[in-house]
Structure formats: C-alpha cells, structure tokens
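Have a look at the structure below before the remarks.
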Amino acid sequence: KLDGVTGRPLAGWVVVPQTDGVTESGISLLQASLGTTMEHYAGIDVSLEASSVCVVDGSGKIVREGKVASEPSALIAWFAGLELARIGLEAGPLSQWLYAGLASAGLHAELLETRHMRAAFKIMPVKTDRKDARGIAQLMRLGWFRPVHCKSLPAQETRAVLTARRLLQAKLHDVEMSVRGVLRGFGLKVGATTSKSFESRVRELAAGHPTLELITQALLSARSTLAAEFAALDRKVRSMARTDGKARLLMSTPGVGAIVALTYSAAIDDPGRFRSSKAAGAHFGLTPKKYQSGETDVTGRISKIGDKEVRCALYEAAHVMLTRPTKGSKLKTWALAIARRAGTRKAKVALARRLAVVLHRMLADGTAFDPDLGGLVAKAT
C-alpha cells in the first residue's frame, strides 16, 4: 500500500514482487523484504572470569543474553546454532585471546576501540556489564564502530618482553631511590655514584648503624636480583633486535635503537593496515587536536591517543637525533629549523610525528633510511 503523496510504502507495509504460487524462493524473498532474516549480532562485555553476552536480531530485538565463562570454547559453544553476522568485543588484554579463538572457529569477530565505546555509552544513566553487552550488540547491528587491529602472536610476544624489561627497570630505580631516601633521613647523603659503586657507598654510610644495616642489606639484595634479571632481559631484547629483519631495517635511522625499533615494529605489526603513511602519526596521538564550530576554530596540542609506549619511544628517538651527534640528514635539518623558530620541545614532537611516518614507509617499502630523502618522505606519502 503506497502513500498517496510520496508514492512510498506506508509504515508497516512492504512492497513484495509478485510470485507464482507459494514457493521456497518466494518465502525467502518475503522474509528478506520483511527484514526477518536469520542474521544476528552479538556483543561481549569481557571480564576476567565471566563475560556478559547479548545477541540481537536485525531489528534490534534481544534474542539471547547471559553470562558465559571467559573462554573461547565456552563462547563458541554458547553461540552454537546462531547465524552471527558480527561479534563485537571491546579491545583489552583478554580480548585479543578471545578474538583469536573466535576467529579460528570461523566466527566474524571485531575488536572495538575502547575510546569509541566509552563515548558511545556515556548516555547510559546506569552502567552494568549487561547493558554494556547490549550496547555493543546494537553497535554491531548498526555498524557504528571502529575496528581495532588484533596483533599477531609474535608482535604480542615482543611487546610482552619489552613491558617486562621496562617494569624491572622502573622497580630497580624505585629501590635505589628508596635507599637514598632512608639514608637521607639520618643525614647520610649517597651523592653521585655509578651502578657499580652504589652498593659499596651505601654500605659505607650504613656501617655502625644496626637498623640501617638491616634495612640497606634487604634493599641491596632486592636491587641485586632486579639488576641481574633486568640485564638478562636487556640482552634478550638486543638479541631480538639483531635477528629481527624489521628492527634492523628501522635501526638504520639515526637515533633509532633496538628498543625504539622493536617497540614501533610490534605496534605496527602489519604496515598494510594503514591506507597512508601519514595516518601513522595520528594513530599514535602525535597530531594536534582540532575543534571547529561556527566561528570557533581552535588547534590544540597533540591528541595523545593511541599507544603511549610508541609515542614515548618516538619522542626519545627525536631527542637523541636533535641533541646528540648523529649522521646528518634532511630530516634533522628540517627539525632544527623548527627548533629555531618554535623551540626545542615543539621540534621534538614534530620530529617524532615525522619519524612515525618515515618508519612506517620504510616498513611498507622494505627500504633502509635514506639521509637525502628522510625529511621528504612524509610529504610524498
């Protein structure tokens, strides 16, 4: 039944092509016209022990929901018998493992950006795991989501080693600062030391103080263990960089060492997932925020979204390139010009963004750093 003015079908009515008799193809066509296909969309709010799961149909009606153990096998069994078009999971440490399990079973799973999910669910007056699962399922149905790349197993392993190394390094520093703080309370100043002379200097100051000797002995023992384990992981990281073709390629860039190369390579994982090398700078939060509305047009500081570790690594590489003697290149010349015009800090941030673009292009093309072209790659891609 059509509207007399617009000529379009009235609400609650559909246009179905005429068929000869009630045939199977005619029923399928009628179901497609009515939007009653068997496709379903699922949302999973991942938790450590049990995840909330919700399944909706094409019209948004809830078909099934419940709590399922956070195990790939349990989720796959729970979804049995449903024709699922998409399954959504919010990105997180456990989500990557569940995503890999669902994908291996032939299910179309999507990892969703956490920042996007948080913004979408701000309108909810009551936030529960059940409501989050419902919201994710509806976003899957509407297609209003931004998928996140699930890193490969080698990239996850590299990132895990780097994270463990950084943790031991931080705890080693904390223990040394704690020793200095304890002694300072008694008027004993450790002063400038090296990693080798630190222990002997502390024992010298604590000598003759039974309580301080007890405390420093415990802290120095912990420091010795942390230092040994940190050295072992550091050797492992250096060895990984020597045997990794991508890392060796990136290390041809001035200022880029083993840590920066492995951190960046593991974060990119697959260079082909970026349509353009320019997107790498924005992906790691190194481009300015923009707010425009009517007559208001504000350009702010960098967004700082994305992987913080990669952003810090790129900034450290930029710092080395600008402040230490390195091989000259057009990239360094370009950054020094910014430093003279806008200051060193802004120049380092700009160079970090340009490095993100250049390093991605090197991975995509499989070419080493060219000092004569390094500063121009970002403009050409």
Item to check | Hits in the range 287-299 - residues which are open to solvent by less than 100 Å² (accessible area, probe 1.4 Å) and part of a strand (DSSP E or B) | outcome: Pro288, Ser293, Thr296, Asp297, Val298, Thr299
Item to check | Filtered residue count, the range 198-215, keeping only those that are open to solvent by less than 70 Å² (accessible area, probe 1.4 Å) and either of a type in the set (A, V, I, L, M) or under 30 Å from Lys332 (Cα atoms) (or both) | outcome: 6
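Per-residue answers, yes or no, for (1) assigned to a helix (DSSP H, G or I); (2) under 30 Å from Phe274 (Cα atoms); (3) open to solvent by 70 Å² or more (accessible area, probe 1.4 Å):
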{"site": "Ala160", "(1), (2), (3)": "yes, yes, no"}
{"site": "Ala164", "(1), (2), (3)": "yes, yes, no"}
{"site": "Gln169", "(1), (2), (3)": "yes, no, yes"}
{"site": "Lys196", "(1), (2), (3)": "no, no, yes"}
{"site": "Gln217", "(1), (2), (3)": "yes, no, yes"}
{"site": "Leu220", "(1), (2), (3)": "yes, no, no"}
{"site": "Ala228", "(1), (2), (3)": "yes, no, no"}
{"site": "Asp234", "(1), (2), (3)": "yes, no, no"}
Checklist entry - List the pairs whose first member sits in the range 171-184 and is of a type in the set (Val, Ile, Thr), whose second member is assigned to a helix (DSSP H, G or I), and whose Cβ atoms are under 7 Å apart, counting only residues at least 6 apart or on separate chains? => result Val175/Leu219; Val175/Ala222; Val175/Arg223; Val175/Leu226; Val179/Val202; Val179/Thr216; Val179/Leu219; Val182/Ile215
Checklist entry - Just for the range 124-154: of the residues that are hydrophobic (A, V, I, L, M, F, W, C) and over 20 Å from Gly60 (Cβ atoms), which one is most open to solvent (accessible area, probe 1.4 Å)? => result Leu153
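Condition test on Arg353, is it over 19 Å from the mean Cα position of the chain (by Cα), open to solvent by 30 Å² or more (accessible area, probe 1.4 Å) and of a type outside the set (A, V, I, L, M, F, W, C)? Write out each step before concluding.
Working: over 19 Å from the mean Cα position of the chain (by Cα): no; open to solvent by 30 Å² or more (accessible area, probe 1.4 Å): yes; of a type outside the set (A, V, I, L, M, F, W, C): yes.
No, not satisfied.
Give the residues of the range 209-219 that are over 36 Å from the mean Cα position of the chain (by Cα) and in contact (Cβ under 8 Å) with a residue 24 or more places away in the chain, sorted by residue number. Walk me through it before giving the result.
Narrowing the range 209-219 to residues over 36 Å from the mean Cα position of the chain (by Cα): 209-218.
Within the range 209-219, Leu212, Ile215, Thr216 meet the criteria.
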Next on the checklist: Suppose we filter the range 204-255 for residues that are among the acidic types (Asp, Glu) and closer than 17 Å to His173 by Cβ; how many remain?
Outcome noted: 2
Checklist entry - Just wondering, is there one or more residues in the range 21-42 that are open to solvent by less than 10 Å² (accessible area, probe 1.4 Å), at pLDDT 90 or above and touching a Ser or Thr at 6+ places or on another chain (Cβ under 8 Å)? => result no
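Under the condition of being open to solvent by 30 Å² or more (accessible area, probe 1.4 Å), outside any helix (DSSP H, G or I) and in contact (Cβ under 8 Å) with a residue 12 or more places away in the chain, which residue from the range 237-256 is nearest to Arg324 (Cα to Cα)?
Here the residue is Ser252.
What tally of residues in the range 207-232 results from selecting those that are under 17 Å from Ser195 (Cα atoms), of a type outside the set (Gly, Ala, Ser) and touching a helix residue (DSSP H, G or I) at 6+ places or on another chain (Cβ under 9 Å)?
Within the range 207-232, the first condition is being under 17 Å from Ser195 (Cα atoms), and the residues that meet it are 216-217, 219-232.
Now restrict to residues that are of a type outside the set (Gly, Ala, Ser): 216-217, 219-220, 223, 225-226, 229-230.
Add one more test, that the residue is touching a helix residue (DSSP H, G or I) at 6+ places or on another chain (Cβ under 9 Å), and what stays is 216-217, 219-220, 223, 226, 229-230.
Looking only at that region, the number is 8.
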Item to check | Qualifying residues in the range 129-157 (those that are of a type in the set (A, V, I, L, M, F, W, C) and in contact with a helix residue (DSSP H, G or I) (Cβ under 6 Å, 6 or more places away or on another chain)) - the one farthest from Arg273 (Cα to Cα) | outcome: Phe145
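Residue-wise test of (1) open to solvent by less than 50 Å² (accessible area, probe 1.4 Å); (2) farther than 29 Å from Pro147 by Cβ; (3) not basic (Lys, Arg).
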{"site": "Arg301", "(1), (2), (3)": "no, no, no"}
{"site": "Glu309", "(1), (2), (3)": "no, no, yes"}
{"site": "Val320", "(1), (2), (3)": "yes, yes, yes"}
{"site": "Leu336", "(1), (2), (3)": "no, yes, yes"}
Checklist entry - Inside the range 50-68, can you point out the residues that are open to solvent by less than 50 Å² (accessible area, probe 1.4 Å) and in contact with a strand residue (DSSP E or B) (Cβ under 8 Å, 6 or more places away or on another chain)? => result Ala50, Ser51, Ser52, Val53, Cys54, Val55, Val56, Asp57, Gly58, Gly66, Val68
Next on the checklist: Every residue in the range 112-146 that is without any contact (Cβ under 8 Å) to a residue 40 or more places away in the chain and more than 21 Å from Ser70 (Cβ to Cβ), please.
Outcome noted: His116, Ala119, Ala120, Lys122, Ile123, Met124, Pro125, Val126, Leu142, Gly143, Trp144, Arg146
Checklist entry - How about the range 125-179: which of its residues are among the acidic types (Asp, Glu) and out of contact with any Asp or Glu (no Cβ under 9 Å at 6 or more places or on another chain)? => result Glu157, Asp174, Glu176
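The values are calculated or read from the model by the stated rules, or taken from the named source; none is laboratory data. Bear in mind that the values here come from a model prediction, so they are computed numbers and not experimental data. When we count neighbours, we look across all protein chains shown, and the Cβ atoms used for this are built from the backbone with ideal geometry, even at glycine. Remember, those area values only see protein heavy atoms, side chains included, never the ligands or the DNA or RNA. Shrake-Rupley method; radii C 1.70, N 1.55, O 1.52, S 1.80 Å.
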